[in-house]
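This report refers to the structure that appears directly beneath it.
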Amino acid sequence: MESAIKTGRYFLLIIWRYFLVVAACWLSISITLAADKQLLKQGEAVFRATGGCSCHTDIKNGGQRLAGGRSLMTPFGTVFSTNITPDKITGIGNWQADDFIKAMRMGVGPGEKQFFFFQKHYFPVFPYTSFTRIRASDLRALWQYLKTVPPVNSLNKPVEIPPPFGWRINLIFWNWLNFTSGEFKTNPAKSEIWNRGAYLVRALAHCEECHSPRNMMGGIQHDKLFMGSKEGPEGESAPNITPHKTTGIGMWERSDLTWFLKSGLKLDGDFAEGVMSEVIVEGYQYLPDSDLEAITEYISSPQ
Amino acid sequence: MKKNSLVIITMMLVIGFYNSSLFAQQDSAFLGYRQSLMKSLGSQMGAIGHILKSGLPLKQNIASHAQIITLNSKLLPAAFEKKITAGRTDARPAIWQQWSQFKSAAMATQREGQKLMEIAGSGSTNEFFAQMKNVGMTCSACHKGFRKPKPERFKR
């Protein structure tokens, strides 16, 4: 009788242990999956806040999503956006997270050094000058998200910038004169919503890249931030978005700006045009209202 | 004989000038009509925007604005049928080179406007908003191909 009880207890103990192991595995898998899901969600939010990386889709010519090939005209020549799908041959499928972070932070591509110490620098049409401010956690999340988009086999096109501007080695000097790397720093004197807006505008949405005039080297004139540019992307002009009452958007009410970013509709009922309409359609319209309000808060008083 | 010829030539010149000035006047009237029509479309979108963005208690008016959009967009092909590329116009020659695409684009606005009108009777704010964006996208798609880029537009 006693031995039967002992055997029963023994079996119960085995079942209990088995149950514990299964429960622990299940819990660990669930936590990992939930964390991955959360990371992807964050990555998509970051992706939308950048305007859906719409420059990497040749929308005009019916190009595939994020497969690059779109011509971006600059005063120095034409640059073609690159394939940022996870295709292993033509895209960024063979990159590691650190390669991606380095590209976003420093404007430098992966791979061996090309000429002594010289690495492959990207032309500043790629707005690493703003993306350098993106927080590391957001960059990692964005990287995870980009790995989930469908890979597209599409070769990158070489830039069409005549020398000497087309020599990448010049970018070392360009960066020295026009680029400051570093993550966004919050301003403790300002509110949380203002800081969130500043982070969105200056890091993720990279508004200054189109809406600020550039110097003769193509660097942003930081003393004229958001004052508009006659040489915006694709030869379009980008308007002054400072709170100036006559030359900027000072006459817009806050709700007008939030509405515009959400719907693409201007005050006169006309729809946003050119690249602005693309970044709204592909990106900003998906931002939560709290983020759109934060952008409005910052743009209404960026100082 | 010489005198008669001179009179005939003068008369022909006068008639020619008169006709060309008449055509020019007509063209300018066409342009004015088109611009009024487009402005009206924009105004309706603006009016819907004011209702939605500020939560005005005028949701019942959205159906009427959508109806005007639908009706106005139906008038677009007739308004643009005559090819006028010179003068105070933002229309690109692509309109007449790709006439069937232009007509389809106008029809798309009409179709989406109609849907907005239908939703306006029963839909939620989110549904209005989503459909209004669809209408806006059709305007935008048409402008992309058929309206001159900003630097080439005439000063209003």
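The values are calculated or read from the model by the stated rules, or taken from the named source; none is laboratory data. Just so we're clear, the structure is a prediction, and the values are computed from it rather than from any experiment. We place every Cβ from the backbone using ideal geometry, glycine too, and count neighbours over all the protein chains shown. These area figures cover heavy atoms from the full protein model, side chains too; ligands, DNA and RNA do not enter into them. Shrake-Rupley method; radii C 1.70, N 1.55, O 1.52, S 1.80 Å.
Answer yes if at least one residue in region A:172-186 is under 15 Å from the mean Cα position of the chain (by Cα), within 25 Å of A:Ala45 (Cα to Cα) and surrounded by 14 or more Cβ atoms within 10 Å (Cβ to Cβ), and no otherwise. Yes: region A:172-186 contains one or more residues that are under 15 Å from the mean Cα position of the chain (by Cα), within 25 Å of A:Ala45 (Cα to Cα) and surrounded by 14 or more Cβ atoms within 10 Å (Cβ to Cβ). Filtered by the rule that a residue be within 19 Å of A:Ser301 (Cα to Cα) and either in contact (Cβ under 8 Å) with a residue 40 or more places away in the chain or not assigned by TED's automatic domain parsing to the domain that holds A:Phe260 (or both), region A:223-244 gives A:Leu225, A:Phe226, A:Ile241, A:Thr242, A:Pro243. Scanning region B:120-135 for residues being in contact (Cβ under 8 Å) with a residue 40 or more places away in the chain, closer than 20 Å to B:Ser43 by Cβ and more than 9 Å from chain A (Cβ to nearest Cβ) gives a total of 3.
Pairs meeting the criteria (first residue in region B:48-60 and away from every other protein chain (no Cβ under 11 Å), second residue part of a helix (DSSP H, G or I) and not polar (S, T, N, Q), beta carbons under 6 Å, at least 6 apart or on different chains) are B:Leu58/B:Ile51. Within the set A:Phe123, A:Phe165, the sole residue that is modelled with pLDDT under 95, in a loop (DSSP other than H, G, I, E, B), open to solvent by 80 Å² or more (accessible area, probe 1.4 Å) and closer than 27 Å to A:Glu234 by Cα turns out to be A:Phe165. Being open to solvent by less than 20 Å² (accessible area, probe 1.4 Å), modelled with pLDDT of 95 or more and not assigned by TED's automatic domain parsing to the domain that holds A:Glu282 holds for only one residue in A:Ser137, A:Ser130, A:Ser54, and it is A:Ser130.
Need pairs with beta-carbon distance below 6 Å; first residue more than 8 Å from chain A (Cβ to nearest Cβ) and among the hydrophobic types (A, V, I, L, M, F, W, C) and within region B:136-156, second part of a helix (DSSP H, G or I) and surrounded by fewer than 16 Cβ atoms within 10 Å (Cβ to Cβ); sequence gap 6+ or separate chains. Once the first residue is more than 8 Å from chain A (Cβ to nearest Cβ) and among the hydrophobic types (A, V, I, L, M, F, W, C) and sits in region B:136-156, its partners that are part of a helix (DSSP H, G or I) and surrounded by fewer than 16 Cβ atoms within 10 Å (Cβ to Cβ) give B:Phe146/B:Ala94.
Checking each residue of region A:202-225 against the condition of being of a type in the set (Ser, Thr, Tyr) and assigned to a loop (DSSP other than H, G, I, E, B) gives at least one match. Quick one: count up the residues across region B:37-47 that are open to solvent by less than 20 Å² (accessible area, probe 1.4 Å) and more than 9 Å from chain A (Cβ to nearest Cβ). Of the residues in region B:37-47, 1 are open to solvent by less than 20 Å² (accessible area, probe 1.4 Å) and more than 9 Å from chain A (Cβ to nearest Cβ). Residues of region A:57-83 that are of a type outside the set (Lys, Arg), part of a loop (DSSP other than H, G, I, E, B) and either touching a Lys or Arg at 6+ places or on another chain (Cβ under 9 Å) or open to solvent by 20 Å² or more (accessible area, probe 1.4 Å) (or both): A:Asp58, A:Ile59, A:Asn61, A:Gly62, A:Gly63, A:Gln64, A:Gly69, A:Pro75, A:Phe76, A:Ser81, A:Thr82.
Would you confirm, using the coordinates I've provided, whether A:Val152 is of a type in the set (A, V, I, L, M), in contact with an Asp or Glu (Cβ under 8 Å, 6 or more places away or on another chain) and part of a loop (DSSP other than H, G, I, E, B)? In short, yes. Residues in region A:225-258 that are among the charged types (D, E, K, R) and touching a Ser or Thr at 6+ places or on another chain (Cβ under 6 Å): A:Lys230, A:Arg254.
In region A:204-254, the residue that is modelled with the lowest pLDDT out of those that are among the acidic types (Asp, Glu) and closer than 25 Å to A:Phe47 by Cα is A:Glu234. Number of residues in region A:222-248 that are touching a helix residue (DSSP H, G or I) at 6+ places or on another chain (Cβ under 9 Å) and not small (Gly, Ala, Ser): the value is 13.
Does B:Ser100 fit the bill of being outside any helix (DSSP H, G or I) and among the polar types (S, T, N, Q)? No; evaluated as a whole, the condition is false for this residue.
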